[in-house]
Amino acid sequence: MNLLARLAALSLSLSAPAFAAELVLTAIDGTQHTPLVAKDGKPVLLFFVSPFCSTTKAFVAEMNQITADHGSKMTVYIVQCDPEVTRDVAIEHATISGFQAPVLMDTAQELTKGVQATITPESVLLTPAGEVYYRGRINDLYLGPTKRQRAATTSDLRDAIASLLAGKPAPEAQEPAQGCKISGLK
C-alpha cells in the first residue's frame, strides 16, 4: 500500500470511533445498552449529567419534556459521566429527577470522551449512522457558568432535533453547553 493510501485509511479510522459498535454501557436498572448504535434507524440523543452539578437540576424538566416529545422518534439516554458517581447515587439522582429515559453509567468515560462531551448538562445528537449532528447546550437558560436568565429564549437542541428529523443539514451555530466541567477529563 502506498503512502497516500495509508494516510487515507488512517484518516478514515480516526473519523469514526472504533469502539462505536462495541461500546456497551450498563443502565442503573442493570440492562445493557449500545448507545452509539441506532435502533430501528432512529437518531440517538444523549444527555450528559452529574448529580454533583447544580446546573443540571435547572434543565431536568426540559430534558424530560424533550424525551416525552421525541422519544418515539429517537433513542434517548441520560448519561451519568462523573467518575465519582456510584450506581446508588445515580439511582437516587434519577428518582429525584424523574428521568424519562434509561440512565447509563459511563464512569470510565468511554462514551463521554468518544463524543467529546465536556460539560454537564450537555446534549449530543447523533444521526442514525452514528455521526455527531449536534453537540452543545439544550437552550440559553445559562449564558455563562454562573449567568442564569429568568427563562430560556432559545431552543437550540429542539431546533437541531427538528432539523435532523426533517433531513436538513446540522445547524452551523452550535453554542457550547454552560454548566459544570465533567470531572476526570483531561
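Taken together, Y142, Y134 contain a single residue that is within 15 Å of the chain's Cα centre (by Cα), under 18 Å from E62 (Cβ atoms) and aromatic (F, W, Y), which is Y134.
From the list K168, K186, the one residue that fits, being at pLDDT 95 or above, farther than 15 Å from I66 by Cα, of a type outside the set (A, V, I, L, M, F, W, C) and surrounded by fewer than 17 Cβ atoms within 10 Å (Cβ to Cβ), is K168. A count restricted to the range 71-92 and to residues that are within 20 Å of L126 (Cα to Cα) and buried (at least 19 other Cβ atoms within 10 Å of the Cβ) stands at 8. Here Q149 does not fit the description of being out of contact with any His (no Cβ under 7 Å at 6 or more places or on another chain), of a type outside the set (S, T, Y), modelled with pLDDT of 95 or more and farther than 23 Å from G41 by Cα. When V124 is tested against the conditions (1) out of contact with any Lys or Arg (no Cβ under 7 Å at 6 or more places or on another chain); (2) buried (at least 18 other Cβ atoms within 10 Å of the Cβ), the lone failure is (1). Beta carbons closer than 9 Å, at least 6 apart along the sequence or on distinct chains, pair a first residue in the range 69-80 that is within 15 Å of A27 (Cβ to Cβ) with a second that is in a strand (DSSP E or B) and of a type in the set (G, A, S) for Y77/A27.
Results for (1) of a type in the set (S, T, N, Q); (2) more than 19 Å from Y133 (Cβ to Cβ); (3) surrounded by fewer than 16 Cβ atoms within 10 Å (Cβ to Cβ), shown as yes or no for each residue.
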position	(1), (2), (3)
V24	no, yes, yes
K42	no, no, no
S50	yes, yes, no
T56	yes, yes, no
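Of all residues in the range 162-181, those satisfying the criterion of being within 16 Å of R137 (Cβ to Cβ) and charged (D, E, K, R) are E172, E175, K181. Counting only strands (runs of 3 or more DSSP E) that sit wholly inside the range 28-124, those with at least 3 residues that are closer than 23 Å to G167 by Cβ and in contact with a Ser or Thr (Cβ under 8 Å, 6 or more places away or on another chain) are 44-49. As for the range 48-66, it holds no residue that is touching a Pro at 6+ places or on another chain (Cβ under 7 Å) and over 20 Å from E175 (Cβ atoms). Being free of Cβ contacts under 8 Å to residues at least 60 places away in the same chain, under 20 Å from N64 (Cα atoms) and in a strand (DSSP E or B), is that true of even one residue in the range 135-144? Scanning the range 135-144 turns up at least one residue that is free of Cβ contacts under 8 Å to residues at least 60 places away in the same chain, under 20 Å from N64 (Cα atoms) and in a strand (DSSP E or B).
The values are calculated or read from the model by the stated rules, or taken from the named source; none is laboratory data. This is a predicted model, so every value here is computed, not measured. Ideal geometry is used to build each Cβ from the backbone, glycine not excepted, and the neighbour counts take in all protein chains shown.
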